[in-house]
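These notes concern the structure reproduced below.
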Amino acid sequence: MAEPGKQFDTLLHQEAPPAVERMGLTWLIGAAIATALLWQVPGGDYILYPFTILATWFHEMGHGLMALLLGGQFQKLQIFSNGSGVATYAIRTSFGPIGPALVAAAGPMGPPLAGAALILASRSFQTASLSLKILGSFLLISTLIWVRSWFGFVAIPLLGLIILGTALKAPRWAQGFAIQFLGVQACVSTYHQLDYLFSFSAGPLGISDTAQIQKYLLLPYWFWGGLMAIASLILLVQSLRVAYRSAQ
């Protein structure tokens with residue numbers, strides 16, 4: 001007859017939620033480095049094009065959702081075939097300079113925050129599957145509510161359907177692969193826009209997000225760009241550390 005303590009340990013082991021199957025940590029780090037390098041070489045953008053569009057969606061949704069959280073309006077979202085995007089929003093003035101600065105920062109920080117959340121969701125099969133369903137559904141919902149460009153009307157729901165299909169039909173290992181890979185890609189996308197983070201101008205759109213922050217919070221745009229680049233790396237490293245520590 002087994003000892004009571006051993007029976008209890010066995011019961012806990014049997015009732016514990018199954019962990020999602022994970023890629024090796026070394027593989028994930030290698031994928032992150034390869035992605036960052038591919039974005040810097042000719043032709044790399046074509047390979048990573050779907051992730052570029054998703055990162056742009058995270059970026060522009062960051063602007064719009066932060067405006068909503070601060071009591072303003074998220075009016076429309078446009079995403080274009082060259083991978084760029086524009087969020088149109090209105091901000092309440094009751095927050096002073098902090099409000100516009102937060103909305104400006106929410107764009108560049110949108111992809112790494114979303115990426116970290118996806119990586120953390122990989123700690124169990126249930127949360128991984130649920131997160132894929134939420135992400136896919138939100139892509140579709142955002143198309144109906146905010147997307148107002150012809151390319152966005154095609155690309156965003158297509159990405160949403162692919163992610164939903166993965167959540168509903170793919171085996172567990174594929175869902176684990178998808179949730180972590182999407183998370184890493186979102187975090188690393190910050191380094192795709194390094195030149196934008198350290199630029200004052202955004203071309204025909206006016207000034208960059210970091211220049212917007214400088215306008216309201218005084219410190220130079222390159223300071224804010226560096227701060228967000230460092231924060232993105234910390235989010236990636238810490239989310240991977242937490243996810244893999246929980247797997248041990």
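The values are calculated or read from the model by the stated rules, or taken from the named source; none is laboratory data. The structure displayed is predicted, hence computed values, not measured ones. Note that we place each Cβ from the backbone using ideal geometry, even for glycine, and neighbour counts take in every protein chain shown. Accessible surface areas use protein heavy atoms only, side chains included; no ligands, DNA or RNA. Shrake-Rupley method; radii C 1.70, N 1.55, O 1.52, S 1.80 Å.
Taking 20 °C and 1.002 mPa s as conditions, the range 61-111 diffuses translationally at an estimated 195 µm²/s according to Stokes-Einstein applied to its Kirkwood radius (Cα pairs). Here, P(r) means the percent of Cα pairs in each 5 Å bin from 0 to the largest distance; for the range 29-99 it is 3, 16, 19, 17, 13, 11, 10, 8, 3, 0. Charged neighbours of Phe74, selected by a Cβ distance under 13 Å, balance to +2 (K, R count +1; D, E count -1). Each Lys and Arg adds +1 at its Cβ and each Asp and Glu adds -1 at its Cβ; summed about the Cα centre, the range 111-248 shows a dipole of about 440 debye. Once both labels are positioned 7 Å from their Cα atoms along Cα-to-Cβ, the gap between Ala31 and Phe153 label points is 3.4 nm. Entry comment: accessible area of the chain is 52 Å² per residue, from protein heavy atoms only and a probe of 1.4 Å. Surface calculation, 1.4 Å probe, protein heavy atoms: Met228 sits at approximately 20 Å² accessible. The dipole here belongs to the chain: it is taken about the Cα centre, uses +1 on the Cβ of Lys and Arg and -1 on the Cβ of Asp and Glu, and is about 260 debye.
Using every Cα-Cα pair within the range 131-231, state what percent have a distance larger than 21 Å. Every Cα pair in the range 131-231 considered, those over 21 Å come to 54 percent. Give the carbon-plus-sulfur fraction of the accessible surface of the chain in %, rounded to a whole number; probe 1.4 Å, heavy atoms of protein chains only. Carbon and sulfur: 69 percent of the exposed surface of the chain. Between Pro42, Pro97, Pro171, the GNM of the chain built on Cα springs shorter than 10 angstrom shows Pro42 fluctuating the most. Compared with the dominant principal axis of the Cα atoms in the chain, helix 221-247 is inclined by about 10°. The value given for the range 58-162 is a Kirkwood hydrodynamic radius of 14.5 Å, derived from the mean inverse Cα-Cα separation.
The convex hull around the C-alpha trace of the range 197-248, projected and averaged over every direction, spans 4.3 square nanometres. Result for the chain in a Gaussian network model with C-alpha springs under 10 Å: among Val154, Val237, Val103, the largest mean-square fluctuation is at Val154.
Considering every Cα-Cα pair within the chain, what fraction, in whole percent, is farther apart than 25 Å? Cα-Cα pairs of the chain separated by over 25 Å account for 47 percent.
In a fully extended conformation the segment linking Leu218 and Gln238 would gain 4.2 nm over its present Cα-Cα distance, using 0.36 nm per residue. In this view, the solvent-accessible surface of Leu68, computed with a 1.4 Å probe and all protein chains in place, comes to about 70 Å². Exposure check, 1.4 Å probe, all protein chains in place: Lys133 carries approximately 80 Å² of accessible surface. Between Thr93, Thr166, Thr143, the residue with the greatest mean-square fluctuation in the GNM of the chain (Cα pairs under 10 Å linked by springs) is Thr93.
Computed on protein heavy atoms with a 1.4 Å probe, the accessible areas place Phe125, Phe74 in the order Phe125, Phe74, largest first.
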